[in-house]
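Written below as structure tokens is the structure these notes are about.
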Amino acid sequence: MKKAVCIFLLMFLFAGVSKAQMYTDFTLPDVDGADVTLSKVLDNSKGVLVAFWATWCTPCKEEMKKLEDVYQKYKDQGFEYLAINVDNQKSSSKVKSFVTAQNFSFKVLMDPEKRVFESYGGKDEMPYSLMINKNKEIVALHIGFKTGDEVKIEEEIKAMLGIK
């Protein structure tokens, strides 16, 4: 019986990991209502960082501020950054004003039903970020953010772009 329970638990854990590691295309509106499709972004880039965030999440906002500089540094070399907000409909009105006040230049998308977030294995931990290369492979995954993490993320971006 113990062996069966252990096997079941391992299958459950590996199922969750594999789901989080699979590419899923999506189309979401940006803060202005224009649709953005991940596959089209990848067609015109060498890779993308997809970062899920919420307005109540302080580490999320810190990550976005730190990664604005990283985005500016590598956007002309084929890097894209999609920040996907998962606030519910009630609090999503705060998103556009926050993004405008911060003067972010990357695309900010809206996922109020958390469909895309959950399709990529997102749970409750935030921020939740995935690096997807041109071949639609997830090459990095990050849960949470603390100052200094942007250095590791930048190294992963450089590796994805083929920069030494």
Inset, instruction - Hey, can you tell me all the residues within segment 119-131 that are surrounded by 15 or more Cβ atoms within 10 Å (Cβ to Cβ) and either of a type outside the set (Ser, Thr, Tyr) or not in a loop (DSSP other than H, G, I, E, B) (or both)? - result: Ser119, Gly121, Gly122, Met126, Pro127, Tyr128, Ser129, Leu130, Met131
Legend entry - Lys134 being modelled with pLDDT under 95, in contact with a Gly (Cβ under 9 Å, 6 or more places away or on another chain) and surrounded by fewer than 16 Cβ atoms within 10 Å (Cβ to Cβ): yes
Inset, instruction - For segment 82-98, state whether one or more residues are under 14 Å from the mean Cα position of the chain (by Cα) and among the polar types (S, T, N, Q). - result: yes
Legend entry - Residue that is closer than 13 Å to Leu38 by Cβ, in contact with a strand residue (DSSP E or B) (Cβ under 9 Å, 6 or more places away or on another chain) and modelled with pLDDT of 95 or more, where the choices are Val86, Val116, Val108: Val116
Inset, instruction - Name the single residue, out of those in segment 144-162 being loosely packed, with under 14 Cβ neighbours inside 10 Å and not polar (S, T, N, Q), that is farthest from Asp25 (Cα to Cα). - result: Gly148
Legend entry - Of all residues in segment 3-43 being at pLDDT 50 or above and of a type in the set (Lys, Arg), the one that is farthest from Ala54 (Cα to Cα): Lys3
Inset, instruction - Name, by its number, the condition in (1) surrounded by 15 or more Cβ atoms within 10 Å (Cβ to Cβ); (2) assigned to a loop (DSSP other than H, G, I, E, B) that does not hold for Ile84. - result: (2)
Inset, instruction - With the condition kept exactly as written, say whether any residue in segment 84-105 is under 19 Å from Val151 (Cα atoms) and free of Cβ contacts under 8 Å to residues at least 12 places away in the same chain. - result: no
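The values are calculated or read from the model by the stated rules, or taken from the named source; none is laboratory data. Everything numeric here is computed off the predicted structure, so don't read it as measured data. No Cβ is skipped: glycine too gets one built from the backbone with ideal geometry, and neighbour counts run over all protein chains shown.
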